[in-house]
Amino acid sequence: MRSVMQQPFRTAVLVLVWGWLLFLVLTPNLLVIGASVMTRDPGTFISLPLNLDAYRQLFNPLYLDVFLNSLYMATMTTLICLLIGYPFAWALSKVPRHRQMLLIFLLIVPFWTNSLVRTYALKLILATNGLLNNALMSVGLIDQPMQMLYTEGAVIIGLVYLLLPFMILPLYAVFDDLREDLLRASHDLGAGRLATFVHIIVPMTLPGVLAGIMLVLLPAMGLFFVPDILGGSRNLLVGNVIKNQFLDARNWPFGAAASIMLTLAMAFLMFAHRLSKRRIGEDGV
Amino acid sequence: MTRWLPRTYLTLVYLLLYVPILVLVVFSFNDSRSGYAWGGLSLRWYEALFNNRAMVQAMWNSLWLALSAATVSTVIGALTALALHRYRFRGKQVLNGMLFVVMMSPEIVLAISLLGLFLLVGLQLGYVSLLLAHVTFCLPFVVITVMARLSGFDERLPEAARDLGASDFTMTRTVLIPVIMPALLAGWLLGFTLSLDDVVVSTFVGGPSYEILPLRIYSMVRVGLKPEVNALGTLLLVFSLVMLMLSQWILLRSKR
């Protein structure tokens with residue numbers, strides 16, 4: 001029943017949308033995959049022959065160390081975010097409705113503020129002659145300033161600070177949907193608080209936990225400016241390695257291979273998330 | 001259960017989230033040169049900020065980039081959402097999939113893939129490359145915002161417009177656009193903020209010919225403490241707070 005007259009508009013829209021996505025999403029991604037199996041070339045960045053050297057290089061002890069250390073810092077960040085965020089989201093879901101809106105608004109305000117500037121603000125607090133050291137010394141807890149800046153701990157604090165809302169929001173969503181009838185049923189059947197927590201609340205909130213992990217763990221490996229500002233030269237993230245290899249060393253195959261590993265890790269987490277949701281769907285109904 | 005425990009906990013976490021921001025704002029009015037000790041009230045860092053010509057230039061560049069990126073991504077994003085909502089076409093899943101990939105892939109992966117593309121086609125890194133990259137990462141957010149608005153919308157309205165003889169273009173202009181207007185504004189504001197805040201992608205696809213604010217701040221704070229950054233951060237904070245309240249206000253008003 002479509003008239004011919006409406007076709008030009010439809011065609012124009014589809015061409016524009018497809019064109020943009022094919023040129024700026026599909027092609028670049030294929031390019032990265034291609035670059036990862038090519039050879040490094042000082043002139044043209046990449047050249048033939050095809051090989052897997054870049055992937056082999058990932059397992060070079062030097063880089064493996066950085067990757068493991070980055071994974072360790074990202075895992076710690078995620079755990080701390082989960083430890084702070086889980087009870088936080090729970091408590092938030094119990095607050096009266098009208099006040100919840102305001103509290104969530106307050107949670108996303110920092111997210112709308114420049115993340116570089118916020119990281120820099122932490123530097124003011126953590127520096128050797130910064131606010132925290134001064135405060136601790138004035139109350140007499142320590143005699144001389146502690147080295148807090150340029151440590152692994154400082155990087156983790158920075159990452160937690162930037163990423164905490166990303167853990168809280170998906171957790172809040174699952175706590176908000178938590179079915180009160182199941183909790184009551186569990187109580188009526190004689191389950192204690194711990195049993196209810198382990199058998200009902202944990203499985204019901206698992207998709208939120210996994211979504212939160214997804215939104216925190218991977219970015220925690222990529223935010224290269226956090227170690228640059230707070231961590232000094234020793235506490236590098238995968239993001240720093242990718243950036244150095246691409247922008248400074250001009251080793252594209254290696255940078256591409258490292259970023260493909262990051263993407264695969266993301267895909268794996270997304271798969272786990274989907275799986276957990278499906279399980280809840282079957283068990284819950 | 002006791003009620004004060006959850007409340008205390010919530011307050012504590014909010015305190016932790018806001019202390020650094022508060023410190024930044026307070027120290028932007030600090031007269032002391034050292035940057036750590038309090039030396040009385042002053043506006044000297046705001047003055048220094050506006051006397052720094054490179055900084056002011058970077059500010060304008062950033063604003064212009066964010067304005068144009070938000071506008072372009074809102075137009076393309078709205079058209080994409082309309083196409084996904086109204087048309088049946090081949091490869092719809094692929095289109096959806098690509099938008100999902102953009103949203104979920106780590107920022108740094110997007111950054112290097114775009115840098116690779118720009119160097120391959122020989123595009124000079126500067127305003128154009130930044131614009132293309134920013135529009136690309138803003139796009140999925142606009143599409144989602146507009147789709148959400150379209151999904152709760154009475155399907156009989158466009159049908160009625162059609163029956164009354166409106167062409168697809170006329171129907172879109174007179175029926176659909178007014179309906180999705182709040183989503184367009186919200187999407188535009190989100191895009192604007194995302195663009196203004198971006199560091200990771202801009203580090204890769206930016207060039208010396210077009211310096212933008214986050215990169216300028218980045219190079220400043222890496223080396224040491226720069227009190228001007230406190231003043232700049234405070235201005236950015238106020239600015240994004242206004243934008244955020246504006247977008248919430250628009251969304252809330254449209255729900256009534």
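The values are calculated or read from the model by the stated rules, or taken from the named source; none is laboratory data. All values derive from a computational prediction rather than experimental measurement. Cβ atoms come from the backbone with ideal geometry, glycine included; neighbour counts cover every protein chain shown.
Please determine whether any residue of the range A:276-285 is within 12 Å of chain B (Cβ to nearest Cβ), in contact (Cβ under 8 Å) with a residue 40 or more places away in the chain and either part of a helix (DSSP H, G or I) or more than 27 Å from A:Leu124 (Cα to Cα) (or both).
For the range A:276-285, residues within 12 Å of chain B (Cβ to nearest Cβ), in contact (Cβ under 8 Å) with a residue 40 or more places away in the chain and either part of a helix (DSSP H, G or I) or more than 27 Å from A:Leu124 (Cα to Cα) (or both): absent.
Within the range A:24-46, take every residue that is part of a helix (DSSP H, G or I) and within 16 Å of A:Leu247 (Cβ to Cβ) and give me the one that is modelled with the lowest pLDDT.
Applying the filter and picking the extreme gives A:Ala35.
Please determine, by comparing only the residues of the range B:1-32 that are over 30 Å from A:Ser93 (Cα atoms) and within 13 Å of another protein chain (Cβ to nearest Cβ), which one is modelled with the lowest pLDDT. Step through it out loud before you land on a result.
We begin by selecting, within the range B:1-32, every residue over 30 Å from A:Ser93 (Cα atoms); these are B:24-32.
The next check asks that each one be within 13 Å of another protein chain (Cβ to nearest Cβ); those that pass are B:24-28, B:30, B:32.
Values: B:Leu24: 89, B:Val25: 90, B:Val26: 89, B:Phe27: 86, B:Ser28: 87, B:Asn30: 82, B:Ser32: 75.
Of everything passing the filter in the range B:1-32, B:Ser32 is modelled with the lowest pLDDT.
Of these, A:Leu62, A:Leu82, which one is at pLDDT below 90 and either over 23 Å from the mean Cα position of the chain (by Cα) or in a helix (DSSP H, G or I) (or both)? Can you show your working first?
Details: A:Leu82 fails: at pLDDT below 90.
A:Leu62 is the lone residue from the list that is at pLDDT below 90 and either over 23 Å from the mean Cα position of the chain (by Cα) or in a helix (DSSP H, G or I) (or both).
Could you list, in sequence order, all residues of the range B:206-224 that are crowded, with 16+ Cβ neighbours inside 10 Å and facing chain A (nearest Cβ under 7 Å)?
Scanning the range B:206-224 gives B:Pro214, B:Ile217, B:Tyr218, B:Val221.
Would you confirm, using the coordinates I've provided, whether B:Leu139 is of a type in the set (A, V, I, L, M), at the interface with chain A (Cβ under 9 Å from one of its Cβ atoms) and in a helix (DSSP H, G or I)? Before you say what the answer is, go through the steps one by one.
Working: of a type in the set (A, V, I, L, M): yes; at the interface with chain A (Cβ under 9 Å from one of its Cβ atoms): yes; in a helix (DSSP H, G or I): yes.
Judged against the criteria, B:Leu139 is a match.
When you scan the range B:150-256 for helices (runs of 4 or more DSSP H) that lie fully inside it, which ones turn up with 3 or more residues that are assigned by the TED database to the domain that holds B:Leu132 and modelled with pLDDT of 80 or more? It would help to see each step written out before you state the result.
Values: elements: B:156-163, B:168-171, B:177-197, B:200-205, B:213-223, B:227-255.
Here the list reads B:156-163, B:177-197, B:200-205, B:213-223, B:227-255.
Only residues that are among the hydrophobic types (A, V, I, L, M, F, W, C) and within 21 Å of A:Arg118 (Cα to Cα): list them for the range B:24-49, please.
B:Leu24, B:Val25, B:Val26, B:Phe27, B:Phe29, B:Ala37, B:Trp38, B:Leu43, B:Trp45, B:Ala48, B:Leu49
Yes or no, residue by residue, for (1) out of contact with any Gly (no Cβ under 9 Å at 6 or more places or on another chain); (2) farther than 30 Å from B:Ala66 by Cβ; (3) within 11 Å of another protein chain (Cβ to nearest Cβ); (4) touching a residue at least 12 places away in the same chain (Cβ under 8 Å):
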residue	(1), (2), (3), (4)
A:Phe88	yes, yes, yes, yes
A:Pro110	yes, no, yes, yes
A:Ser115	yes, no, yes, yes
A:Thr151	no, yes, no, yes
A:Pro170	no, no, no, yes
A:Ala173	no, no, no, yes
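Just to be sure, is A:Val216 within 30 Å of B:Met220 (Cβ to Cβ) and assigned to a helix (DSSP H, G or I)?
Values: within 30 Å of B:Met220 (Cβ to Cβ): yes; assigned to a helix (DSSP H, G or I): yes.
Answer is yes for this residue.
Could you check how many residues of the range B:23-78 are free of Cβ contacts under 8 Å to residues at least 40 places away in the same chain and buried (at least 21 other Cβ atoms within 10 Å of the Cβ)?
Adding up the residues that qualify gives 0.
Restricted to the range A:192-204, and to residues that are assigned to a helix (DSSP H, G or I), free of Cβ contacts under 8 Å to residues at least 60 places away in the same chain and of a type outside the set (A, V, I, L, M), which residue is surrounded by the most Cβ atoms within 10 Å (Cβ to Cβ)?
Across the range A:192-204, the extreme among qualifying residues is A:Thr196.
Could you tell me whether A:Leu102 is over 24 Å from B:Leu213 (Cβ atoms), at the interface with chain B (Cβ under 10 Å from one of its Cβ atoms) and out of contact with any Gly (no Cβ under 9 Å at 6 or more places or on another chain)?
On the way: over 24 Å from B:Leu213 (Cβ atoms): yes; at the interface with chain B (Cβ under 10 Å from one of its Cβ atoms): no; out of contact with any Gly (no Cβ under 9 Å at 6 or more places or on another chain): yes.
Judged against the criteria, A:Leu102 is not a match.
Testing B:Tyr87 on (1) under 30 Å from A:Leu215 (Cα atoms); (2) facing chain A (nearest Cβ under 10 Å), one condition comes back false. Which one is that?
It fails just one condition, (1).
Would you say A:Phe225 is facing another protein chain (nearest Cβ under 8 Å) and over 20 Å from the mean Cα position of the chain (by Cα)?
When the stated conditions are applied, A:Phe225 does not pass them.
Kindly indicate the residue of the range B:110-124 that is more than 11 Å from B:Phe137 (Cβ to Cβ) and under 21 Å from the mean Cα position of the chain (by Cα) and also nearest to the other protein chains (Cβ to nearest Cβ) among those meeting that condition. Please lay out each step first, then the result.
Narrowing the range B:110-124 to residues more than 11 Å from B:Phe137 (Cβ to Cβ): B:112-113, B:115-124.
After this cut, where a residue has to be under 21 Å from the mean Cα position of the chain (by Cα) as well, the list is B:112-113, B:115.
Values: B:Ile112: 5, B:Ser113: 3, B:Leu115: 7 Å.
Filtering the range B:110-124 for residues that are more than 11 Å from B:Phe137 (Cβ to Cβ) and under 21 Å from the mean Cα position of the chain (by Cα), the one nearest to the other protein chains (Cβ to nearest Cβ) comes out as B:Ser113.
From the list A:Val25, A:Val13, which residue is more than 26 Å from the chain's Cα centre (by Cα) and within 9 Å of chain B (Cβ to nearest Cβ)?
Of the residues listed, the single one that is more than 26 Å from the chain's Cα centre (by Cα) and within 9 Å of chain B (Cβ to nearest Cβ) is A:Val13.
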